[in-house]
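See below for the structure under consideration.
The values are calculated or read from the model by the stated rules, or taken from the named source; none is laboratory data. Since this is a predicted model, take the numbers as computed values, not measurements. Every residue, glycine among them, receives a Cβ derived from its backbone with ideal geometry; neighbour counts consider all protein chains shown. All accessible areas refer to the heavy atoms of the entire protein, side chains included, with ligands and DNA or RNA removed. Shrake-Rupley method; radii C 1.70, N 1.55, O 1.52, S 1.80 Å.
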Amino acid sequence: MSNKGYIHQTTIAAIATPAGRGGVGIIRISGPDATAILEQLSAHRCLPSPRMATLDAWLDHAGERLDQGITLYFPGPASYTGEDVVELQGHGGPVLLQALLSRLYELGCEPAQAGEFTRRAVEHGKLDLSQAEAVAACIDAATVRAGKQAQRQLQGEFGIHIDRLMQRLTSLVAHVEASLDFPEEEIPDLYFSDLRNKMVETVVAPIKEMLASAPLGERLFEGATVALVGAPNVGKSSLLNALSGRERAIVSHLEGTTRDLLDVDFEVNGIPLRLTDTAGLRDSHDVVEIEGVRRALQVASTADVTLFVADASRPDTWSPSIHADLLLMNKVDLESGDIPDEYIQLSVISGEGLNELRSRLASFLGDIQMGDEGMMVTHERHRLVLVEALECIESGLGCLGNEELLDLAAMQWRRAWGLLAGILGIGDVEYILDRVFSEFCIGK
């Protein structure tokens with residue numbers, strides 16, 4: 001993206017490290033007055049060398065030391081935001097950080113809004129909008145696999161894909177526009193056939209391929225919910241402990257030990273999951289157990305995946321009383337009878353079948369082999385835009401061959417181009433910027 005020439009009149013400041021106590025706390029400053037404010041704040045009363053860590057002390061209005069640490073100065077445009085940027089790396093105590101931030105406000109800084117540093121980076125052409133969203137994804141990534149996907153987008157891979165699609169659309173629209181410029185000329189059917197084939201091969205097919213990655217791509221960041229259901233004492237709590245690798249649930253031979261919902265977070269093949277253990281499903285006159293069963297049914301009805309657990313030694317537990325996505329037969333180490341084929345056989349005690357369960361669970365959630373993993377669509381906004389752009393392109397394809405509708409084809413393809421441009425933050429997309437950066441944290 002080219003530099004848009006934004007000139008901000010305000011200088012902003014914010015704490016860039018998480019809330020709470022820590023060894024180091026960072027305050028970031030960006031804007032036209034960043035250097036003047038630093039000169040008033042610093043005990044040195046002068047700017048440090050660019051991009052050189054300098055030991056410094058920062059003073060209050062009376063000249064007393066507020067804190068001491070490292071000052072870093074990044075002159076614009078060679079900075080994160082494209083403006084003059086200063087970072088103060090001091091002690092991570094909340095009181096000292098807040099006192100230092102208040103001093104910056106006294107010297108003329110304005111409080112930064114959510115995502116304002118990254119927004120300024122977009123406005124100054126340092127990042128495209130898809131890369132800015134990748135910044136937030138890097139922060140929010142719950143697994144290494146999600147983090148690697150966010151890093152690929154931060155490096156611009158997704159933006160390059162979109163830019164190529166836009167270039168191909170531009171070329172194909174130009175062919176249609178050229179046809180409109182010479183309405184008296186008869187256009188051969190072969191011309192439209194070639195144009196259609198090029199559009200399908202170079203634009204439609206790549207968009208469909210990108211959309212095919214969206215279910216898993218979004219799942220990597222949004223995660224999934226998994227409910228464990230079944231009769232009492234079939235091993236649901238033991239299974240929760242085995243999958244999460246922690247003794248999170250109380251396990252007992254007594255029926256009805258689990259009477260309320262119990263959540264635990266874990267991952268399968270890099271997909272973040274929230275697993276919920278539920279009360280055993282059975283008829284009861286105990287009001288507490290009745291409520292537990294009601295909650296179990298409710299969780300199962302809303303979960304992304306429902307796992308029904310049965311006990312191999314108790315055939316009365318084998319028939320699912322509710323819809324389940326995967327059927328698990330536990331305790332096969334105690335019983336080796338005629339188990340229905342649709343069940344995944346496992347033993348929580350011995351570990352038998354747990355790897356198969358993880359694999360089947362990942363496949364159900366749309367997983368692909370790591371070696372096949374390329375650039376994915378990981379944001380709902382991107383997916384919805386690609387779907388709408390594809391609809392416009394295919395609508396334009398339907399107009400080819402009818403010279404009276406060529407202008408409509410060109411209009412639909414130009415609209416598709418504009419939609420794709422919105423992914424990168426090109427054009428009049430102020431409302432998109434407001435929506436994207438409202439989801440950022442302060443200081444980023």
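Applied to the stretch 27-40, the Karplus parametrisation 6.51 cos²θ - 1.76 cosθ + 1.60 on θ = phi - 60° returns per-residue 3J(HN,Hα) values of 10, 10, 10, 8, x, x, 9, 4, 6, 5, 5, 4, 4, 7 Hz, with x for Gly and Pro.
Taking the average, over residues, of other Cβ atoms within 10 Å as the packing measure, peptides 202-209, 265-272 rank 265-272, 202-209 from highest down. Using the Cβ-Cβ distance between Asp194 and Val387 with R0 set to 41 Å, the FRET efficiency works out to roughly 0.95. Rolling a 1.4 angstrom probe over the stretch 104-175 with all protein chains present gives an accessible area of which 49% lies on carbon and sulfur atoms.
Set the Förster distance to 56 Å, then compute FRET efficiency between Glu177 and Asp263 from the Cβ-Cβ distance, nearest 0.05.
0.50
Please say if the stretch 118-163 is rounded, prolate or oblate, where rounded means a/c under 1.5 for a ≥ b ≥ c the square roots of the C-alpha gyration tensor eigenvalues, and otherwise the choice is prolate for a/b larger than b/c and oblate otherwise? Oblate is the answer for the stretch 118-163, as a/c is 1.5 or above yet b/c matches or exceeds a/b. Using the Cβ-Cβ distance between Ser359 and His323 with R0 = 25 Å, the FRET efficiency computed as 1/(1 + (r/R0)^6) comes to roughly 0.70.
How would the stretch 95-150 be classified by its alpha-carbon gyration tensor: rounded, prolate or oblate, with rounded meaning a/c under 1.5 and the a/b versus b/c comparison settling the rest? Note, shape of the stretch 95-150 comes out oblate.
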